[in-house]
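These notes concern the structure reproduced below.
The values are calculated or read from the model by the stated rules, or taken from the named source; none is laboratory data. Note that the coordinates shown come from a computational prediction; the quantities given were computed from them, not determined experimentally. For neighbour counting, all protein chains shown are included, and Cβ atoms are generated from backbone atoms with ideal geometry for every residue, glycine included. Keep in mind that these areas ignore ligands, DNA and RNA; they rest on the heavy atoms of the full protein, side chains included. Shrake-Rupley method; radii C 1.70, N 1.55, O 1.52, S 1.80 Å.
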Amino acid sequence: MSEVKPLRIALPNKGRMAPAVHKLFGDAGMHLDDIDAESALLSSINERYEAMFVRATDIPAFVADGVADVGVTGWDLVCESGFALTDLLDLGLGRARLVVAARASAGFGSLADIPAELRVATSFPRLAQAFLTDRGFSVEVVGLSGATEIAPHLGLADVIVDVVATGSTLRRNGLVELETILTSSARLVAPKTDSALEPLVLLLDSVVQARACRYVMANLPAPALDRVAAVLPGVESPTVMPLLGTDRVFAVHAVVDESSLDEVMTGLRALGGTGIVVTPMERLVR
Ligand code: PRP
């Protein structure tokens, strides 16, 4: 019997995204907890998958070259790499934006205020050059691999192009955003869609979906049942179950988006709901 080669997944070995990505894989049953990702290059996850731990920046190249079958990295890094990779799944973490920013004291309110010929410090030279050239600027790129935010203060550049998540790095360094170039998050990427990758996509997506939702249960008086679907739509429609020994009260259950929980609970209360329970889920396949 021929052995099936495990699919190789390139994962970030360190950096801001790494712990959240490793946790997502653990929640999907692919535990990486015992692996020292910073020193292990390759590690078996199970009989179907093996992890390759490398820098997030290098992942697009490894996936494009076929060194790994699939990878997880920031969409900003994929775009910067220039490799035409397919975005298989948004993992819903590592959300950030790539922005143009300048010193607050320079008084630039928008891109319209910055000089037509300018120097930009960035670790995203390709995206910065393309975006600003497209906007009609004549650009000299100062390539830096980190600490871009100090460049305008040192007179190295007029503006920077950098990643913003919470915005605290820009604020701390007296910089203001002028424009967003792109929004990013951690993505599962591959050279192309491939049926061999479908089980992995389904597995990870079930965790991503579950994280964004809650399972809600409540008891409702029978006359309120014809209005419950408006409050608690569920994946299809809410489950309604009788309670033992009464036909006056029914249990209703449904999956709801976490973002609508406040509304749902208020709505259930308004329908006379009692015993409202909200619980997280491990997996959800819609
Ligand atoms: C990025 C970016 C900023 C910071 C922004 O660096 O370069 O320095 O995050 O985050 P904030 O808006 O929440 O302050 P990252 O931590 O990814 O590491 P890097 O310096 O290696 O790019």
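Residues that are over 16 Å from SER184 (Cβ atoms), part of a loop (DSSP other than H, G, I, E, B) and of a type outside the set (A, V, I, L, M) within region 143-171 comprise SER145, GLY146, GLY155, ASP158, listed in sequence order. The set of residues from region 1-27 being in a helix (DSSP H, G or I), under 11 Å from PHE53 (Cβ atoms) and open to solvent by less than 30 Å² (accessible area, probe 1.4 Å) comprises ALA18, VAL21. In region 158-171, the qualifying residues are those that are farther than 23 Å from GLY143 by Cβ and of a type outside the set (Ser, Thr, Tyr), and the one that is surrounded by the most Cβ atoms within 10 Å (Cβ to Cβ) is GLY167.
The residues of region 106-123 that are of a type in the set (Ser, Thr, Tyr) and modelled with pLDDT of 95 or more, listed by number, are THR122, SER123.
Each row is one residue, and each column tells you yes or no for (1) near the ligand (Cβ under 8 Å from one of its atoms); (2) in contact with a helix residue (DSSP H, G or I) (Cβ under 7 Å, 6 or more places away or on another chain).
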{"position": "GLU149", "(1), (2)": "yes, yes"}
{"position": "ILE160", "(1), (2)": "no, yes"}
{"position": "ALA165", "(1), (2)": "yes, no"}
{"position": "THR169", "(1), (2)": "yes, yes"}
{"position": "ARG172", "(1), (2)": "yes, no"}
{"position": "LEU175", "(1), (2)": "no, yes"}
{"position": "GLU179", "(1), (2)": "no, yes"}
{"position": "LEU188", "(1), (2)": "no, yes"}
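Suppose we keep only residues that are farther than 23 Å from VAL285 by Cα and open to solvent by less than 20 Å² (accessible area, probe 1.4 Å) within region 86-101. Which one would you say is farthest from the ligand (Cβ to nearest atom)? Per the stated criteria, the residue is VAL100.
Scanning region 54-88 for residues that are in a loop (DSSP other than H, G, I, E, B) and of a type outside the set (Gly, Ala, Ser) returns ARG55, ASP65, VAL67, ASP69, PHE83, LEU85. If we keep just the residues of region 207-234 that are within 28 Å of the chain's Cα centre (by Cα) and open to solvent by less than 10 Å² (accessible area, probe 1.4 Å), which is nearest to LEU91 (Cα to Cα)? Among residues in region 207-234 that are within 28 Å of the chain's Cα centre (by Cα) and open to solvent by less than 10 Å² (accessible area, probe 1.4 Å), the one nearest to LEU91 (Cα to Cα) is VAL207.
Could you please find all residues in region 176-201 being open to solvent by less than 20 Å² (accessible area, probe 1.4 Å) and outside any strand (DSSP E or B)? Hits for region 176-201 are SER185, LEU197, LEU200.
Residues that are part of a strand (DSSP E or B) and open to solvent by 50 Å² or more (accessible area, probe 1.4 Å) within region 102-119 comprise ARG103, GLU117, ARG119, listed in sequence order. Residue check: is LEU132 buried (at least 19 other Cβ atoms within 10 Å of the Cβ), more than 16 Å from the ligand (Cβ to nearest atom) and within 30 Å of ASP205 (Cβ to Cβ)? Considered against the rule, which asks whether it is buried (at least 19 other Cβ atoms within 10 Å of the Cβ), more than 16 Å from the ligand (Cβ to nearest atom) and within 30 Å of ASP205 (Cβ to Cβ), LEU132 comes out as no. Report whether or not SER260 is without any contact (Cβ under 8 Å) to a residue 40 or more places away in the chain, open to solvent by less than 70 Å² (accessible area, probe 1.4 Å) and of a type in the set (S, T, N, Q). The answer is yes for SER260.
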